[in-house]
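What follows is a set of notes on a single structure, which appears directly below.
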Amino acid sequence: MVTCYIGIGSNLGDRENNIKKALTLLHGCLNTEVEKASAFYETQPQGCPGNAGRFLNAAAKIKTAFSPRELLRQLQSIEKQLGRIRPGKRNSSRSIDLDILFYNNQKISLPSLKIPHPRLRQRAFVLKPLKEIAPETIRSLAKETKIISTLSGMRGFIAKEKAQNMTIGFVPTMGFLHEGHLSLIRQAKKDCDTCVVSIFVNPIQFGPQEDYKKYPRDLEQDSILAKSAGASCVFYPNAKDMYPPDYLTYVNVEKITDYLCGASRPGHFKGVATVVTKLFNIIQPHIAYFGQKDYQQALVIRKMVEDLNMPITIKTMPIVRECDGLAMSSRNAYLTTQERADAVVLYQSLQKAREMVRQGQHDARIIKTAIKTAILKKKTAKIEYISVADARTLEDREVFRQKTLIALAVWIGRTRLIDNIIIEV
Ligand code: AMP
């Protein structure tokens, strides 16, 4: 008997029951027993048609005497018994999905069967349940990633890369990586020889009442995801090294930080500009990548780089959204099921606004009222701001013209979410 790990997912029918039945059928197979199963985790569908349901995902540790191919046949037979239709469309909804993640320590590469599962390292929805039942496996996968936690270590790494004429792409993050972050990493890897991803929850950009302490963190999972997206290393400095007790220097970008999040989070952009400057000085990238999701942040960084003559190209990448339109964010992890359902209203209200402008409504007040009305239909929602602004200066606009930004900050329950769109008139 050998030990195997199985990944399980369902987003059609009675998902919980489908998984339970799959585990029972697996346990009932000849020569096979289920030793351990993880909890069931609710996850968002990926790369799917817009109306695909949410998944429940789990992982199981089994002992089996089947060969890898026989085990695959058994899993496919269980899928069939539980109503899975094959061949289905890629990423289509399914009553049950059973994947062999690991088969003992074997490596298999056949057209119909690859073990370990080739996309295992790219999928948070597999890594998370797997970590629960096989923490040592996740630890060893994470060890495949080069993690640098000292400033001198990081400088040394960069010096070596630059000595070999490598171009450096840099993706600063606060971790708890999702597809939005990974899209930046993939782009950096495409453009540059070396891609550095920093993971640092920057204390000085959080207000005293904000979520610095409870901000979600998972270095092991992040390391695996970052490397599989193309990161050459992860820079993981600690706050004491970044801000020793005698720290005194801050970077302040004026004016464009007076609006939107700058108005409601005093000191936030000073914290962001300062940490990004420090990271730029340590990593000295050729190109740095930011998401349009944090539109104002990208604008602040561009201005800072221009004003302070930093020899760095800033690339801003499009917002990556869940299948239903919610902008991906590490903070989405805070949302309850009801809140998650309500949160999509940010995107929907922006889409509605876009449509109204397209149909000729250019009065910012009317558009803001329409957005407000849509958002406040959700009981869990509280609006922090709705802004219609010049996309370059962030100054308020009364009328839509040229490039106009609509930006929102909305509390869904106790979670603050932001989203935005640019409308060209
Ligand atoms: P954070 O970890 O939230 O500080 O984000 C790190 C970087 O990823 C920032 O440049 C963000 O704008 C970017 N980012 C976060 N969420 C998304 C998303 N949904 N789509 C694209 N970029 C994103």
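The values are calculated or read from the model by the stated rules, or taken from the named source; none is laboratory data. No experiment lies behind these values; they were computed from the predicted model shown. Every residue, glycine as well, gets a Cβ built from its backbone with ideal geometry; the counts of neighbours run over all protein chains shown. Each accessible area value is taken on the protein alone, full model and side chains, heavy atoms only, with ligands, DNA and RNA left out. Shrake-Rupley method; radii C 1.70, N 1.55, O 1.52, S 1.80 Å.
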- Asp363-Ile422 FRET efficiency (beta carbon distance; Förster radius 22 Å; 0.05 resolution): 0.75
- Task: Using a cut-off of 13 Å between beta-carbons, work out the net charge of the residues near Leu184 (Lys and Arg +1, Asp and Glu -1, Leu184 not included).
- Result: +2
- Roughly how tilted is helix 295-307, in degrees to the nearest 10 and between 0 and 90, from the longest Cα axis of the chain? 60 degrees
- Item | Residues listed by number, the range 329-359, amide nitrogen under 11 Å from Asp211 label point at 7 Å toward C-beta | 329-336
- Item | Computed over the range 2-133: relative contact order in percent, which uses C-alpha pairs under 8 Å that are six or more apart | 36 percent
- Ordered by residue, what ³J(HN,Hα) values in Hz, to whole numbers, does the range 2-19 give under the Karplus form 6.51 cos²θ - 1.76 cosθ + 1.60, where θ = phi - 60° and Gly and Pro are x? 10, 8, 10, 10, 10, x, 10, x, 8, 9, 9, x, 7, 4, 4, 5, 4, 5
- Amide H neighbours of Cys195 at under 5 Å, excluding residues fewer than 5 places away on the same chain, with H built from the backbone geometry, are Gly169, Ser232, Cys233
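Classify the range 147-317: rounded, prolate or oblate, from the alpha-carbon gyration tensor (a ≥ b ≥ c, eigenvalue square roots; a/c under 1.5 rounded; otherwise prolate if a/b is larger than b/c)? Kindly include the intermediate steps, with their values, before the conclusion.
Details: a/c = 1.41, a/b = 1.31, b/c = 1.07.
Rounded is the answer for the range 147-317, as its axis ratio a/c remains below 1.5.
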- Task: Output the antiparallel fraction of DSSP beta bridges having both residues in the chain, as a percent to the nearest 5.
- Result: 75 percent
- Cα gyration tensor of the range 230-317, axes a ≥ b ≥ c as square roots of the eigenvalues: rounded (a/c below 1.5), prolate (a/b > b/c) or oblate? oblate
- In the chain the accessible area split gives carbon plus sulfur, as whole percent at 1.4 Å, a share of 50 percent
- When Lys and Arg each count +1 and Asp and Glu each count -1, what net charge do the other residues less than 15 Å away from His286, Cβ to Cβ, add up to? +1
- Relative to the chain, whose Cα atoms define the longest principal axis, helix 364-376 and its Cα axis are tilted in degrees, nearest 10, by 40 degrees
- Query: Using the alpha-carbon atoms, what tilt in degrees (0 to 90, nearest 10) does helix 268-283 show relative to the longest principal axis of the chain?
  - Reply: 70 degrees
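Using a Förster distance of 25 Å, how high is the FRET efficiency between Ala163 and Lys190, based on the Cβ-Cβ distance and rounded to 0.05?
Using R0 = 25 Å, I get an efficiency of 0.60.
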- Query: Listed highest first by mean packing, meaning other Cβ atoms within 10 Å per residue, what order do 24-32, 340-348 come in?
  - Reply: 340-348, 24-32
- If you keep only loop residues by DSSP, which GluC sites (Glu not before Pro) in the range 325-425 have at most 16 other Cβ atoms within 10 Å of their Cβ? Glu395, Glu398
- The simple spin-label model distance between Ser92 and Asn252, using points 7 Å out along Cα→Cβ, in nm, is 6.0 nm
- DSSP loop GluC sites (Glu not before Pro) in the range 194-261 with at most 12 other Cβ atoms within 10 Å of their Cβ, which ones? Glu254
- Note on the structure: One finds the C-alpha centres of the range 312-357 and the range 11-67 to be spaced, in Å, by 29 Å
- Too-long pairs where the Cα-Cα distance tops 18 Å, listed order kept, from Lys128/Lys189; Lys146/Lys227; Lys146/Lys189; Lys21/Lys80; Lys255/Lys303: Lys128/Lys189
- Task: Please go through the range 215-269 and write out the trypsin sites (Lys or Arg not before Pro) that DSSP classes as loop and that have at most 16 other C-beta atoms within 10 Å.
- Result: Arg217, Lys255
- Note on the structure: Once normalised by the length of the chain, the mean sequence separation of its alpha carbon contacts under 8 Å that are 6 or more apart gives a contact order in percent of 12 percent
- Query: Summing -39500 (n - 2.57) over the DSSP H runs of n ≥ 4 in the chain and dividing by its residue number, what mean residue ellipticity at 222 nm do you reach, to the nearest 500 deg cm²/dmol?
  - Reply: -11000 deg cm²/dmol
- With a/c under 1.5 counting as rounded, go ahead and sort the chain into rounded, prolate or oblate using the C-alpha gyration tensor (a ≥ b ≥ c being the square roots of the eigenvalues; past the cut-off, prolate if a/b is larger than b/c, else oblate). oblate
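If we count every other residue with Cβ under 15 angstrom of Gln338's Cβ, Lys/Arg +1 and Asp/Glu -1, where does the sum land?
+3
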- Between Thr313 and Glu136, with labels modelled 7 Å along Cα→Cβ, what's the label distance in nm to one decimal, could you check? 4.7 nm
- FRET efficiency (Glu70, Arg302; Cβ distance; R0 56 Å; to 0.05) is 0.45
- Message: How large is the Kirkwood hydrodynamic radius of the range 14-124, counting all unique pairs of alpha carbons, in Å?
- Response: 14.9 Å
- Message: Per residue, how large is the accessible surface of the chain? Use a 1.4 angstrom probe and give square angstrom.
- Response: 48 Å²
- Message: To make sure I understand the rule: partners must be lysines, Cα under 19 Å from the Cα of Lys378, and not fewer than 8 residues away in the same chain. Which ones qualify?
- Response: Lys352, Lys368
